[in-house]
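The block underneath contains the structure these notes are about, expressed in structure tokens.
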Amino acid sequence: MHKIWAIFRKDLLIEFRTKDSLTAMLFFGIVVLVVFNFALGSLHQAVRSAVPGVLWVAFAFSGTLGLNRLFAVEKENGCLQGLLMIPADRGAVYLGKMLASCFFMLIAEAVLFIAALVLFNLTVRNEIPWLMLVFVVGTLGFTAVGTLLSAIAVNTRLREVLLPLMLFPVILPILINAVEATDIILNSADYGALKLPLTVMSAFTIIFATISYLLFERVLEE
Amino acid sequence: MIEARNLGKYFGRFAALNNLHLTVSDGEFIALFGKNGAGKTTLLRILAGLSRPSRGELKIKPSRQAPPGAVRGHIGYLSHETSLYMDLTAVENLRFHARLTDVPSDDRALAMRMQQVGLAGRERDPVRNFSRGMQQRLAIARAFLHNPDILLLDEPFTGLDSSGCDFFKSFLAAAHADGKTCIMAIHDTRLGYEIAERLVVISRGAVALDAAKPSLDYAQFREKLEPLLA
């Protein structure tokens, strides 16, 4: 457990020192929100029904940028081989990187959500705890798959292109259910209906995190 | 003890290793020679557990049946690359590695390591500001922080100045005297001959020459080596 924590802390330290990933994620996410704000401006009151989709497009695109950087930093100077030499199950590396990726994405999501509130002139109060729950579960699912695929893509020449090509088809169930859950919270407030999308997202996350944990060693060995 | 039997590693149709046999007893110091692409680095990466052989059998004491990852705790691997994070300070790099390898990570222990490699006083400097030689010194401290039994070294003198070379030669001599097994890939024939006690030449992915140093003087060794490097 302390090895997972050490990897998480190391990634945090590097990110807070360089701000490479978060800056790119936030910049890109805000640009997406601004473009949608102009495109949907004529909808007026109905814009609220479009916000769940807009939010998750912004989250997914900015999250992909973060995932691209996740293992790129380990390729510089062969740091990845240093990580792989740890005298423990290499799944610890997967979990440490996944946690770091999830943390950065949640920070970006918080900022992007506030930006969306301002841009789309939304008011939320009681919805916030439910939205946080959906964001956390959705982001865990996104990064559970994304961390493994990022590790695969980093050893290829076309990693920036390859990652989204592999990632988006696989995470479609997460994105669809996250959009649906966000829509229920923002537009119907029928919180009982959240059970299905949250269950699907949780099951997806557990299954893919387990598979990724088990496959991780195989993926990184030549 | 390391025992490699019939080891093969293929990248597509290219055979980086081809029926390689090598047995290394505990405490031996082996220098691996061979021209570029002979298979030295591939062999070291397989021994380090970073690469999986395409065929053959590899046994490393403690056996591979040990709990997952346990054998890696007995191996220290110093490669061409430093495996250092440029945006962390020297001591942060060492502390991170110490935490991963379960060795003391307090300031005092790490400062002692820095002193051992001649970097005392530079603990708080970002690695980005280090020269190549200083990075190599820090990489040495990082790779062997957990006091491994088996040292795998791939061109370890790269980037070191003359005082750095002297320091590292004495480091290796002390490790050897301490009973550690050392396998070092090196292009500098004289330096390799001087340091090691067993000389192994790899050619086309297989062992082409395996001799104990006392059986060959340097001139005889060069004579045998030249055709294999051609």
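Restricting the stretch B:71-117 to residues that are at the interface with chain A (Cβ under 7 Å from one of its Cβ atoms), free of Cβ contacts under 8 Å to residues at least 40 places away in the same chain and of a type in the set (A, V, I, L, M) leaves a set whose member that is nearest to residue B:58 (Cα to Cα) is B:100. Taking the listed residues B:118, B:27, the one that is over 15 Å from the mean Cα position of the chain (by Cα), surrounded by fewer than 19 Cβ atoms within 10 Å (Cβ to Cβ) and not hydrophobic (A, V, I, L, M, F, W, C) is B:118, with no other qualifying.
Somewhere in the stretch B:53-63, is a residue touching a helix residue (DSSP H, G or I) at 6+ places or on another chain (Cβ under 7 Å), among the hydroxyl-bearing types (Ser, Thr, Tyr), more than 7 Å from chain A (Cβ to nearest Cβ) and in a loop (DSSP other than H, G, I, E, B)? Checked the stretch B:53-63: no residue is touching a helix residue (DSSP H, G or I) at 6+ places or on another chain (Cβ under 7 Å), among the hydroxyl-bearing types (Ser, Thr, Tyr), more than 7 Å from chain A (Cβ to nearest Cβ) and in a loop (DSSP other than H, G, I, E, B). In the set B:108, B:124, only one residue is out of contact with any Leu (no Cβ under 9 Å at 6 or more places or on another chain) and not in a helix (DSSP H, G or I); that residue is B:124.
Of the residues A:108, A:24, A:50, A:88, the single one that is within 24 Å of residue A:133 (Cα to Cα), touching a residue at least 40 places away in the same chain (Cβ under 8 Å) and of a type outside the set (Phe, Trp, Tyr) is A:108.
If the condition is being touching a Leu at 6+ places or on another chain (Cβ under 9 Å) and within 22 Å of residue A:62 (Cβ to Cβ), then the stretch A:28-48 contributes A:28, A:29, A:30, A:32, A:33, A:34, A:36, A:37, A:47, A:48. Just one residue in the set A:126, A:155, A:177 is more than 30 Å from residue B:144 (Cα to Cα) and not in a helix (DSSP H, G or I); that residue is A:126. Within the stretch B:38-48, is even one residue more than 25 Å from residue B:203 (Cα to Cα) and within 9 Å of another protein chain (Cβ to nearest Cβ)? Taking every residue of the stretch B:38-48 in turn, none turns out to be more than 25 Å from residue B:203 (Cα to Cα) and within 9 Å of another protein chain (Cβ to nearest Cβ). Remark: pairs (first residue in the stretch A:114-132, farther than 15 Å from residue A:31 by Cα; second residue surrounded by 14 or more Cβ atoms within 10 Å (Cβ to Cβ); Cβ separation under 6 Å; 6+ apart in sequence or on different chains) = A:127/A:185; A:130/A:185; A:131/A:185. The helices (runs of 4 or more DSSP H) found wholly in the stretch A:1-106 and carrying at least 3 residues that are more than 14 Å from every other protein chain (Cβ to nearest Cβ) and surrounded by 21 or more Cβ atoms within 10 Å (Cβ to Cβ) occupy A:20-39, A:47-75.
Taking the stretch B:153-196 as the range and being touching a residue at least 12 places away in the same chain (Cβ under 8 Å), under 25 Å from residue B:61 (Cα atoms) and over 15 Å from the mean Cα position of the chain (by Cα) as the test, only B:179 passes.
Being touching a Pro at 6+ places or on another chain (Cβ under 9 Å) and either of a type in the set (A, V, I, L, M, F, W, C) or not in a helix (DSSP H, G or I) (or both) is not true of residue A:214.
The condition of being surrounded by fewer than 20 Cβ atoms within 10 Å (Cβ to Cβ), under 14 Å from the mean Cα position of the chain (by Cα) and not small (Gly, Ala, Ser) holds for only one of A:172, A:214, that being A:172. Please indicate, with yes or no, whether at least one residue in the stretch A:64-73 is touching a Leu at 6+ places or on another chain (Cβ under 7 Å), among the charged types (D, E, K, R) and within 27 Å of residue A:221 (Cα to Cα). There is no residue in the stretch A:64-73 that is touching a Leu at 6+ places or on another chain (Cβ under 7 Å), among the charged types (D, E, K, R) and within 27 Å of residue A:221 (Cα to Cα).
A short reminder: the numbers here are calculations on the coordinates, not readings from a lab. All values reported here derive from a predicted model rather than from experimental measurement. Neighbour counts run over all protein chains shown; Cβ positions are idealised from the backbone, glycine included.
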